[in-house]
1. How many of the residues in the stretch 111-132 are in a helix (DSSP H, G or I), within 14 Å of the ligand (Cβ to nearest atom) and not hydrophobic (A, V, I, L, M, F, W, C)?
2. Within the stretch 225-248, identify whether any single residue is modelled with pLDDT of 95 or more, in a loop (DSSP other than H, G, I, E, B), farther than 25 Å from D138 by Cα and not charged (D, E, K, R), and answer yes or no.
3. Would you check if G39 is touching a Leu at 6+ places or on another chain (Cβ under 9 Å), under 20 Å from R176 (Cα atoms) and within 10 Å of the ligand (Cβ to nearest atom)?
4. Mind listing whichever residues of the stretch 143-155 are buried (at least 23 other Cβ atoms within 10 Å of the Cβ) and either in a strand (DSSP E or B) or aromatic (F, W, Y) (or both)?
5. Tell me, yes or no, whether the stretch 44-57 has at least one residue that is crowded, with 16+ Cβ neighbours inside 10 Å, at pLDDT 95 or above and away from the ligand (no atom under 15 Å from the Cβ).
6. Taking the stretch 156-183, which residues are in a loop (DSSP other than H, G, I, E, B) and either touching a helix residue (DSSP H, G or I) at 6+ places or on another chain (Cβ under 6 Å) or more than 9 Å from the ligand (Cβ to nearest atom) (or both)?
7. Mind telling me which of the residues V9, V19 ends up being surrounded by fewer than 21 Cβ atoms within 10 Å (Cβ to Cβ), within 23 Å of G218 (Cα to Cα) and under 15 Å from the mean Cα position of the chain (by Cα)?
8. Being touching a Pro at 6+ places or on another chain (Cβ under 8 Å) and either in a loop (DSSP other than H, G, I, E, B) or surrounded by fewer than 18 Cβ atoms within 10 Å (Cβ to Cβ) (or both) is true for just one of P40, P96. Which residue is that?
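The values are calculated or read from the model by the stated rules, or taken from the named source; none is laboratory data. Keep in mind the model is a prediction, meaning the values are calculated, not measured. Virtual Cβ from ideal backbone geometry, glycine too; neighbours counted across all protein chains shown.
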Amino acid sequence: MGLTLNTIVPWGRSYEEYVAMFGLTETDLSRRLLGCGDGPAGFNAELTRRGGRIVSIDPLYAFDTAQIRQRIAETHDTVMAQMREHQASYVWTTIPSIEALGRVRLSAMDLFLADYEAGTREGRYLTGALPSLPVGNDTFDLALSSHFLFLYSALLSTDFHLQAITNMLRAAQEVRVFPLLTLDGQPSPHLGAVTEQLTRQGFHVDLQPVPYEFQRGGNTMMRIARQHNASSGREDSYSSLSLPSRAEGMP
Ligand SMILES: C[S@@+](CC[C@H](N)C(=O)[O-])C[C@H]1O[C@@H](n2cnc3c(N)ncnc32)[C@H](O)[C@@H]1O
């Protein structure tokens, strides 16, 4: 089925939320970043304003500013109504209320909309859809996926997750994914198999706590890195280095 704007709910998190969700340090923020499924990416706009280097990829970028702006307006009330209905499933500390949530999200999306045309000209917003990535090997240091992988576990298979993450690891030496919960707030059913398969392929997988929890219980990110072979000094990203009996990093 071809993508239409009607199937997309543009809803983007802020720069501060990205920094917290992925535990990004100043060093991380100075690396070449790739955001996969970034949507209305306030993080891209703000990081660029601060002098950072980032490219975002999303099927949403097939549409122009006016179309995305209209779609945000159309979906805003529905999303807010859903949040009200499921309010108890979220932690209201950093973002204290539904109204504050609406303000934070709209202001992040406004930043994106103001930046979108310039960012597209500069090649910072690329149209594309995981599990493929329209970028070359090793063109980034760190690839991020926020609120797409694992969240939509009911729609995306284990194999889709593995293809997407290995492709992100082709483009960047490290990948971080957040959250590890589904839309229902349950741990993703793909988590064990994805961790085990990536570990078998020789990647180093860690589940790490982060200083961000909005979905109740969702304060863990998956961090995947190419193994570093100390004796040769090279990275063995795709070779099968080890076959551990149990997946690393699982609780
Ligand atoms: C819930 S939004 C998350 C947006 C942003 N990452 C954030 O956390 O604020 C999910 C995003 O995934 C995008 N998306 C849908 N299918 C995709 C695919 N196959 N590959 C990459 N992104 C996809 C949607 O267009 C949407 O922007």
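1. Going through the stretch 111-132 one residue at a time, the tally reaches 1.
2. Checked against the condition, which is being modelled with pLDDT of 95 or more, in a loop (DSSP other than H, G, I, E, B), farther than 25 Å from D138 by Cα and not charged (D, E, K, R), the stretch 225-248 yields no hits at all.
3. So G39 fits the description; yes.
4. Hits for the stretch 143-155 are A143, L144, S145, S146, F150.
5. yes
6. From the stretch 156-183, those in a loop (DSSP other than H, G, I, E, B) are 156-157, 179-180, 182-183; that's our starting set.
The answer is S157, P179, L180, T182, L183.
7. Residue meeting the stated conditions: V19.
8. Exactly one of P40, P96 is touching a Pro at 6+ places or on another chain (Cβ under 8 Å) and either in a loop (DSSP other than H, G, I, E, B) or surrounded by fewer than 18 Cβ atoms within 10 Å (Cβ to Cβ) (or both), namely P40.
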